[in-house]
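The values are calculated or read from the model by the stated rules, or taken from the named source; none is laboratory data. Because the structure is predicted, anything quoted here is derived from the model rather than measured. Counting neighbours? That spans all protein chains shown, and the Cβs are built from the backbone with ideal geometry, glycine included. Only protein heavy atoms, including side chains, enter the accessible area calculation; ligands, DNA and RNA are left aside. Shrake-Rupley method; radii C 1.70, N 1.55, O 1.52, S 1.80 Å.
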Amino acid sequence: NGGIVIVYKRFTFDAAHCLTVLGEGHKCSRIHGHTFHLEVRCEGPVAEASGMVIAYEHIKAAVTPVLETLDHHYLNDLPGLEIPTTENLAIYLWNLLKPALPLLSEIHLQETASAGVIYRGPES
């Protein structure tokens with residue numbers, strides 16, 4: 001009985017957005033950018049044959065094409081991200097990654113050195 005293991009891989013991407021929902025006077029209602037730090041976590045038992053839950057390369061292969069659609073883009077222009085808060089971006093990433101990563105258990109998305117979100121998927 002090996003229990004459950006969480007495997008993670010970290011990525012970064014740069015993107016701009018504006019949060020007009022915060023009101024005209026709010027600094028984040030103006031266009032600004034972040035270097036986002038993304039940690040993708042997959043959870044499951046260690047497979048006896050491979051000794052792994054999931055290969056890092058498998059996570060990278062799923063995440064890289066998604067990040068190419070976000071990196072150095074204006075998030076407000078992407079369908080489904082009309083309100084591109086970090087919360088909504090984490091959900092957006094989950095929805096794109098989950099089909100390719102069935103063991104996906106958490107997304108950690110950091111927008112600044114001191115602020116970010118953790119998303120664990122829709123409630124069961």
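Each peptide among 110-122, 66-78 gets the average number of other Cβ atoms lying within 10 Å of its residues, and from highest to lowest they stand as 66-78, 110-122. Mind pulling the angle between the C-alpha long axis of helix 86-97 and the longest principal axis of the chain? Nearest 10 degrees, somewhere in 0 to 90. So the inclination is approximately 40 degrees.
Taking the charge dipole of the chain about its Cα centre, with +1 at Lys and Arg Cβ atoms and -1 at Asp and Glu Cβ atoms, the residue from 73, 19, 50 reaching farthest to the positive side is 50.
Here the chain is treated with +1 on each Lys and Arg Cβ and -1 on each Asp and Glu Cβ, and its dipole about the Cα centre works out to around 160 debye.
For the chain, the Kirkwood hydrodynamic radius from C-alpha pairs, put into Stokes-Einstein at 4 °C and a viscosity of 1.567 mPa s, yields a diffusion coefficient of 84 µm² per second. Scattering from the stretch 49-100 was approximated by placing one identical point on each alpha carbon and applying the Debye formula without solvent; log10 I(q)/I(0) at 0.17, 0.27 1/Å stands at -0.59, -1.10. Every helix of 4 or more DSSP H residues in the chain counts as -39500 (n - 2.57), and over all residues that averages to -6500 deg cm²/dmol at 222 nm. Residue-normalised convex hull volume from the C-alpha trace of the stretch 27-76: 99 Å³ per residue. Angle of helix 56-68 to the longest C-alpha principal axis of the chain, folded into 0 to 90 degrees and rounded to 10: 20°.
Per residue, the stretch 35-124 exposes 57 Å² of accessible surface when a 1.4 Å probe is rolled over the protein heavy atoms with every protein chain present.
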